[in-house]
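K.L.:
Mind looking over this structure? Questions follow.
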Amino acid sequence: MVKEVLARKNRKAQRRVFGRSDVENILDLSLSDFLTKFKPPSTHYIVVRRGSKLYNVLKAIAIGHPVFIVVIDENRKPIGYISEHEILRSFQRRPRYTFFIAGFNVSRLNIPIEQVLNVPVEKVMEARPFTVREDISIRELLGMLRTLHVPNIIIVDRVGRLKTVINLSYLVNALLRSLLGEPHAIT
């Protein structure tokens with residue numbers, strides 16, 4: 001008899017169907033509460049200070065660190081980010097503005113790789129980081145993401161200091177695990 005009850009409960013748990021109230025409860029959570037409940041992995045980004053050399057960032061990536069880098073100032077406020085796109089763009093050969101002097105075409109010479117490696121990260125970074133305060137709701141965050149199409153979200157506290165970074169795959173994974181009744185540990 002006890003085995004039948006346990007088997008029935010197990011089948012119910014496997015067939016769990018989430019309702020509108022389950023979705024509404026998650027969407028109304030603040031981002032801070034969501035991050036507390038579903039711990040995001042810290043392994044998908046690194047943080048560097050303004051003035052760090054590109055060489056150090058590339059070295060960290062080469063030994064296995066993530067490719068998303070958040071650049072912060074002295075107060076831990078995000079001032080930019082570097083993704084694989086910015087790194088590749090720093091190595092591409094692109095001409096400077098072209099102009100004519102006495103009928104000759106003068107264009108920018110390419111920067112040697114040795115000079116690129118000594119460039120501070122703020123010269124390579126995207127200077128307009130998409131940041132979100134931790135006190136907004138998940139519903140508001142999803143609304144923003146629907147229009148902005150960004151893969152990584154930099155979360156800041158009330159005064160603008162870096163709290164964490166989440167990516168879309170983590171967000172989708174955590175939402176689905178919660179709705180489907182899976183354990184909260186995100187791997």
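K.L.:
From Asn152, Asn173, grab the single residue that is touching a residue at least 40 places away in the same chain (Cβ under 8 Å), of a type outside the set (Val, Ile, Thr) and open to solvent by 20 Å² or more (accessible area, probe 1.4 Å). Let's see the steps before the verdict.
P.N.:
On the way: Asn173 fails: touching a residue at least 40 places away in the same chain (Cβ under 8 Å).
The match here is Asn152.
K.L.:
Another question, then. May I ask you to list the residues in the range 28-48 that are β-branched (Val, Ile, Thr) and over 24 Å from Val121 (Cα atoms)?
P.N.:
Kept after step one, since they are β-branched (Val, Ile, Thr), are these residues of the range 28-48: 36, 43, 46-48.
Once the filter is applied, which keeps residues that are β-branched (Val, Ile, Thr) and over 24 Å from Val121 (Cα atoms), the range 28-48 yields only Thr36.
K.L.:
Let me ask something else. Kindly indicate the residue of the range 31-86 that is open to solvent by 90 Å² or more (accessible area, probe 1.4 Å) and not in a loop (DSSP other than H, G, I, E, B) and also modelled with the lowest pLDDT among those meeting that condition.
P.N.:
His85
K.L.:
Going through the range 104-136 one residue at a time, which ones are touching a Ser or Thr at 6+ places or on another chain (Cβ under 6 Å), closer than 30 Å to Ile26 by Cβ and either surrounded by 16 or more Cβ atoms within 10 Å (Cβ to Cβ) or modelled with pLDDT under 80 (or both)?
P.N.:
Glu134
The values are calculated or read from the model by the stated rules, or taken from the named source; none is laboratory data. Note that the coordinates shown come from a computational prediction; the quantities given were computed from them, not determined experimentally. Here the Cβ is made from the backbone with ideal geometry for all residues, glycine too, and neighbour counts use every protein chain on show. Each accessible area value is taken on the protein alone, full model and side chains, heavy atoms only, with ligands, DNA and RNA left out. Shrake-Rupley method; radii C 1.70, N 1.55, O 1.52, S 1.80 Å.
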